[in-house]
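What follows draws every value from the coordinates through simple rules; no lab data is involved. Not measured: the values here are computed from a predicted model. Reconstructed Cβ throughout: ideal geometry from the backbone, glycine too, with neighbour counts over all protein chains shown.
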Amino acid sequence: MNRVILIKYGELSTKKANRNFFIKTLYNNIVEKLEGFDVKISKDLGRMYIYFNDEDLDDIIDIMGSIFGIHTYHVAYIADTNTSDIEKIVIESLKNEQFKTFKVIVKRTDKTFQYDSPTYSKILGGVVLKNINNINVDVHNPDVTVTVEIRENKSYIYFNSYKGLGGYPVGTQPKGLLMLSGGIDSPVAGYLALKRGIKVNCVYFEAIPHTSLEAREKVISLVKKLCKYSNNINLHIVNFTPIQEEIYKTCDSDYVITIMRRMMYRIMEKLVYKYKAKAIINGESIGQVASQTLVSMNVINSVTNLPVIRPVACLDKLEIIDIAKKIDTYDISILPYEDCCTVFVPKHPVINPDKERCIEMEKSFNYEQMIYDAVKNIETIKISDKEQENELL
């Protein structure tokens, strides 16, 4: 019996005029993720079909669970659209299942088929009862649900349903740059941005010798985890040491974090334009630390007119940790290697900073030249989730 992985789109089905674009992007993402497998993929406006070799099924099923834009997917048996072939394959395939109770659901999109859906559900249920011993119908809590989708030429029979990640296919929105610190929150923010179709690249602010090379490797490992939900991701590494040391020398200690974040946002704005992105993304969560109060966010955000997307802004820490564990970034994020946002944290950082006071302190050093130098000397690493070396660009 031939089988196929049957993919349902969910939210993509609401896109009307843009539907083809969303489905084509999903198709391209699946093709790229399944590179190296012997598969054939076809699509229409209602479904996508992956024809596969049996020995690859488990690996392909696992990959499908990490691709945004898929609502549900099923491993389905293929039948010709006639009662004889459908009933034959239903009985043969059910012999591979262990069950005592069942129900039948028929979904008929081919209106030329001789029975409507409720009628054929009852007929097919009778066929199952006649051919398989010691089973009963249970429409409320069956051991097995036999679903038959009757379409033109071919029909599809399945007993399973895998829940996809939903969201939009990555690439249906333009690029955004994620401020990836190495903590718990920013990788989760990246994951949630990918879920809305944003092609994410990452920016890491490094302050050697105050931060370590282990901290960089930690960030690279986090990007690899995010690559599972995307494809290749570029990690842009900013040498933030000169700026950070100058802030620490010339600015009031309680304002160090606020001014440091303002400098980061200025750099991010230049990188957004440099790499043709459309937004800044970060892991700020309202009220979690001093720089993430609403007053602080307003003062920090005032240095750029670009959209700043904060996917975890209204989540509490436990909710963020739950997602981090689900996407397998949590254990990496809690490794004890400090980033530049934590090495110079003052004892009492300001929680309600004054913007004019920030501007006055920033006049004490030539930050524009330092930002120019930082952007000019960016180091970029192309990272993949596949077993290959990262590529220095």
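Taken as Cα centroids, the range 47-123 and the range 292-368 sit 49 Å apart, rounded to the nearest whole angstrom. Peptides 253-259, 176-182 ordered by packing proxy, namely the average of other Cβ atoms within 10 Å per residue, highest first: 176-182, 253-259. Straightening the chain between GLU391 and ASN131 buys 87.7 nm, computed as 0.36 nm per residue apart minus the Cα-Cα spacing. Write down the percent of antiparallel bridges among all DSSP beta bridges whose residues are both part of the chain, to the nearest 5. Counting only bridges with both partners in the chain, antiparallel ones make up about 55 percent.
Remark: the ILE61-GLU152 segment gains 30.2 nm on full extension, using 0.36 nm per residue and subtracting the alpha carbon distance. Working from Cα pairs under 8 Å separated by at least six residues, relative contact order for the range 3-163 is 26 percent. Rounded to the nearest 20 debye, the dipole size of the chain about its Cα centre is 1440 debye, using +1 on the Cβ of Lys and Arg and -1 on the Cβ of Asp and Glu.
Rank by packing, highest mean first: peptides 223-230, 121-128, 24-31, with packing defined as the count of other Cβ atoms within 10 Å averaged across residues.
Details: 223-230: 21.6, 121-128: 16.8, 24-31: 18.4.
Result, highest mean Cβ count within 10 Å first: 223-230, 24-31, 121-128.
Compared with the dominant principal axis of the Cα atoms in the chain, helix 185-195 is inclined by about 40°. Enter the angle in degrees (range 0 to 90, nearest 10) between the Cα long axis of helix 256-274 and the first principal axis of the Cα atoms of the chain, meaning the one along which they spread out most. It works out to around 60 degrees.
Its relative contact order, with pairs defined as Cα atoms under 8 Å and 6+ residues apart, puts the chain at 16 percent. Seen against the Cα atoms of the chain and their longest principal axis, helix 367-376 is set at about 40 degrees. Simple rule: put +1 on each Lys or Arg Cβ and -1 on each Asp or Glu Cβ in the chain, find the dipole, and look at ASN234, VAL223, PRO142; the Cα lying farthest toward the positive end is PRO142. Note: relative contact order over the range 173-392, using C-alpha pairs below 8 Å and six or more positions apart, is 33 percent.
Charges were assigned to the Cβ only: +1 to each Lys and Arg, -1 to each Asp and Glu. The resulting dipole of the range 173-392 about its Cα centre is roughly 860 debye. Over the chain, dividing the summed -39,500 (n - 2.57) contributions of all DSSP H runs of at least 4 residues by the number of residues returns a 222 nm mean residue ellipticity of -11000 deg cm²/dmol. Here the range 3-163 is treated with +1 on each Lys and Arg Cβ and -1 on each Asp and Glu Cβ, and its dipole about the Cα centre works out to around 800 debye. Rounded to the nearest 0.05, the FRET efficiency derived from the C-beta distance between PHE99 and LEU45 at R0 = 30 Å is 0.35. What is the list of residues in the range 48-82 whose amide nitrogen lies under 18 Å from a point 7 angstrom out from the Cα of LYS326, following Cα to Cβ? The answer is 62-73. Distance between the C-alpha centres of the range 136-152 and the range 185-233: 43 Å, rounded to the whole angstrom. Candidates PRO311, GLY190, MET1 compared by Cα position along the dipole of the chain: farthest toward the positive end lies MET1, with charges placed on Cβ.
For the peptides 151-160, 87-96, 189-198, residues were scored by their other Cβ atoms within 10 Å and the scores averaged per peptide; the highest-first order is 189-198, 151-160, 87-96.
Got a sec? Charge dipole of the range 3-163, +1 on Cβ for Lys and Arg, -1 for Asp and Glu; which of LEU45, ASN133, THR14 is way out at the positive end? Farthest along the dipole direction, towards plus: THR14.
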